[in-house]
Amino acid sequence: MEITRNGLETGRGPSDWFTGTVYIDTVAAPAGSSHVSASNVHFTPGARTAWHTHPNGQTIWVTEGVGLCQQRGGRVEVIRPGDRVFFEPGEEHWHGATATRFMTHLAMLDVDDAGNAAAWGDHVTDEEYAAAPPVAD
Ligand code: MN
């Protein structure tokens, strides 16, 4: 057993991978034979990931706020606390906050044998982001 006390510094999501301001707290990191990676990701209003894929897929579980997600070729979906989304291995997608709300989700995945969690592509444009449906309060 190894306890990691709540003292790890919150990281900023790098601008190559995100639009806007995103904070990331590590929950579980791959170690030894374990490929499990889990992060608590906090998106400020308007912030979102770039388009990306995960080699072994990803589950996100929304814990706070109101968010958005989209698979390539699909429509933008609104997601709320308690909603869970699974992205298939290799499925191109993005996720983030709505324009007017914070969103926090727990992100869980298995890294590949080389330790890769994701392959990153283009940023989500303002036009793509603006295709989100209106969010009723
Ligand atoms: Mn993802």
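The values are calculated or read from the model by the stated rules, or taken from the named source; none is laboratory data. None of the values given here were measured: they were computed from a predicted structure. Neighbour counts run over all protein chains shown; Cβ positions are idealised from the backbone, glycine included. These accessible areas exclude ligands, DNA and RNA; they are computed on the full protein's heavy atoms, side chains included. Shrake-Rupley method; radii C 1.70, N 1.55, O 1.52, S 1.80 Å.
Here are some residues: Val85, Val111. Which one is hydrophobic (A, V, I, L, M, F, W, C) and touching a Cys at 6+ places or on another chain (Cβ under 6 Å)?
Values: Val111 fails: touching a Cys at 6+ places or on another chain (Cβ under 6 Å).
The conditions single out Val85.
Please indicate, with yes or no, whether at least one residue in the range 116-134 is modelled with pLDDT of 95 or more, within 11 Å of the ligand (Cβ to nearest atom) and open to solvent by less than 20 Å² (accessible area, probe 1.4 Å).
Within the range 116-134, none of the residues are modelled with pLDDT of 95 or more, within 11 Å of the ligand (Cβ to nearest atom) and open to solvent by less than 20 Å² (accessible area, probe 1.4 Å).
Check His42 against each of (1) in a strand (DSSP E or B); (2) in contact with a Lys or Arg (Cβ under 9 Å, 6 or more places away or on another chain); (3) crowded, with 16+ Cβ neighbours inside 10 Å and name the one condition it does not meet.
(2)
Considering only residues that are open to solvent by less than 70 Å² (accessible area, probe 1.4 Å) and assigned to a loop (DSSP other than H, G, I, E, B), look in the range 11-23 and name the one that is nearest to Glu128 (Cα to Cα).
Step one: of the range 11-23, the residues open to solvent by less than 70 Å² (accessible area, probe 1.4 Å) are 11, 13-14, 18-22.
Narrowing the set further to residues that are assigned to a loop (DSSP other than H, G, I, E, B) leaves 13-14, 20-21.
Details: Gly13: 20, Pro14: 20, Gly20: 15, Thr21: 18 Å.
Applying the filter and picking the extreme gives Gly20.
Scanning the range 24-48 for residues that are farther than 15 Å from Met108 by Cα and not small (Gly, Ala, Ser), which turns out farthest from the ligand (Cβ to nearest atom)?
The residue in question is Pro45.
Looking at the range 24-35, which of its residues are within 25 Å of Gly121 (Cα to Cα), of a type in the set (A, V, I, L, M, F, W, C) and open to solvent by less than 70 Å² (accessible area, probe 1.4 Å)? Lay out the reasoning, then the answer.
Going residue by residue through the range 24-35, those that are within 25 Å of Gly121 (Cα to Cα) are 24-30, 35.
Restricting the remaining residues to those that are of a type in the set (A, V, I, L, M, F, W, C) gives 24, 27-29.
Ile24, Ala28, Ala29 - these are the residues of the range 24-35 that are within 25 Å of Gly121 (Cα to Cα), of a type in the set (A, V, I, L, M, F, W, C) and open to solvent by less than 70 Å² (accessible area, probe 1.4 Å).
Residue pairs, Cβ under 6 Å, 6 or more apart or interchain, first in the range 97-114 and in contact (Cβ under 8 Å) with a residue 40 or more places away in the chain, second outside any loop (DSSP other than H, G, I, E, B) and charged (D, E, K, R). List them.
Qualifying pairs under 6 Å: Thr104/Glu64.
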